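Please read the structure below before turning to the comments.
Only the coordinates and a few stated rules stand behind these numbers; no lab work does. Note that this is a predicted model, so its numbers are computed, not measured. FYI the Cβ positions are ideal-geometry reconstructions off the backbone, even for glycines, and counts take in every protein chain you see.
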Amino acid sequence: MNHFTSLENLDLQLIRELVDDAVNFKRKKACPNLSNHYISNLFFENSTRTKLSFEMAEKKTGMEIIYFDAESSSVKKGETLYDTVKTLNSIGVECFVIRHNQDRFYEDLISRFDVPIINAGDGCGDHPTQSLLDLVTIYEEFGTLNGLNIVIAGDVVHSRVAHSDAKILTRFGSEISFATPEFWRDSSMTMGSYVSLDSVLPNADVVMLLRNQNERHKQQYDEKNYLQQYGLTKERTAKMKPSAIIMHPAPINRNVEIDENLIEAPQSRIFTQMTNGVFARIAVLNYVFNS
């Protein structure tokens, strides 16, 4: 039994194996059999891709899903996260996929439960399965994760994807740059340099856009002019190498961080990321039960 809460505490060889597993599950269209396990997805923040991607992964592996809806649960009566997990574990749930607005919510749980805890996003902290699917997408494209120039652009300070991806890609030998307005810089992100988007696009292999997380903002900004000032426009895309790709964890603010005509352009891998998310999460489910 293993938890999956962050890529930081996993060695690179294991992460490579998870990437390889995801690629193989996708290519061979064969999945591990986990039909004897019960799982519950506890999402305390809104989600489309991550939640439904996990559900698809669980169904493809034959798992039994015990459905949970925070809005109609005893959470609304004041029940704690611990008591929710304890209740579901007591009735037979053997694994929990959890998204929560508290950073590192999982630390208390993994010390108190002997069942796998999978982090589906904690506050502004980490999003390890998103990072894994991003690694799969980049590896499929370039055959390596080493020596690539990767630009992460947008709302860096509020993005758990930016934090997770920058850390793991640096460990794999990629060069990271952050292109963001000064008011969204994060002083703790020291693994890359802060630059203007225009200055780094000609050498970028991957341009990863981030959603402007308006629900977390304390400082207002000019959203109307954001695309022209900081976003990926068609004019900026013309500066990119033909081999470069565009990524975005979604949901997308169309015509804010990216021109909507680029979302399904030939260089975009945004929907490929979503496809890869299912197989990356199958690899994670296989890891927590079968490694």
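Just want to confirm a number: the relative contact order over the chain, from Cα pairs under 8 angstrom separated by 6+ residues, in percent. Can you show the working numbers first?
Working: 518 pairs, mean separation 66.6, N = 291.
Relative contact order of the chain: 23 percent.
What distance in nm separates the two pseudo spin-label positions at residue 79 and residue 272, each 7 Å out from Cα along the beta-carbon direction?
The modelled label-to-label distance comes out at 4.2 nm.
Work out how far the C-alpha atoms of the chain reach from end to end along every principal axis, then list the three figures in whole Å, largest first.
Principal axes ranked by extent give 56, 44, 32 Å for the Cα atoms.
Any idea what the relative contact order of region 109-207 is, in percent, if you count C-alpha pairs under 8 Å spaced at least 6 apart?
Working: 143 pairs, mean separation 27.2, N = 99.
After rounding, I find 27 percent.
Using modelled backbone amide H atoms (1.01 Å from N, in-plane), which distant-in-sequence or interchain residues come within less than 5 Å of residue 175's amide H?
147, 148, 149, 150
Return the Cα extents of region 129-269 along principal axes one, two and three, sorted largest first, each rounded to a whole Å.
Result, largest extent first: 40, 32, 27 Å.
Give the relative contact order (percent, whole number) for region 174-276; include only Cα pairs under 8 Å separated by 6+ residues.
Details: 122 pairs, mean separation 28.8, N = 103.
About 28 percent, as a whole number.
Using r as the Cβ-Cβ distance of residue 69 and residue 213, and R0 as 35 Å, what FRET efficiency do you calculate, to the nearest 0.05?
Values: r = 23 Å, r/R0 = 0.67.
E(calc), rounded to 0.05, equals 0.90.
Exposed loop sites here are GluC sites (Glu not before Pro) in DSSP loop states with at most 15 other C-beta atoms within 10 Å. What is the longest stretch of the chain lacking them?
Details: sites that count: 8, 45, 79, 264.
Between the exposed loop sites, the longest stretch runs 80-263.
Taking loop as defined by DSSP and a crowding limit of 13 other beta carbons within 10 Å, which trypsin sites (Lys or Arg not before Pro) in region 89-139 fit? Don't jump to the answer; show the numbers that get you there.
Numbers: sites: 99, 104, 112; in loops: 104, 112.
Of the trypsin sites (Lys or Arg not before Pro), the ones in loops of region 89-139 whose Cβ has at most 13 other Cβ atoms within 10 Å are 112.
Measuring from centroid to centroid over Cα atoms, what is the spacing of region 1-80 and region 223-247 in Å?
Each part's Cα centre sits 33 Å from the other's.
Over 23 Å between Cα atoms: which of 26/60; 29/51; 26/241; 167/239 fall into that group?
Checking Cα-Cα distances, 26/241; 167/239 exceed 23 Å.
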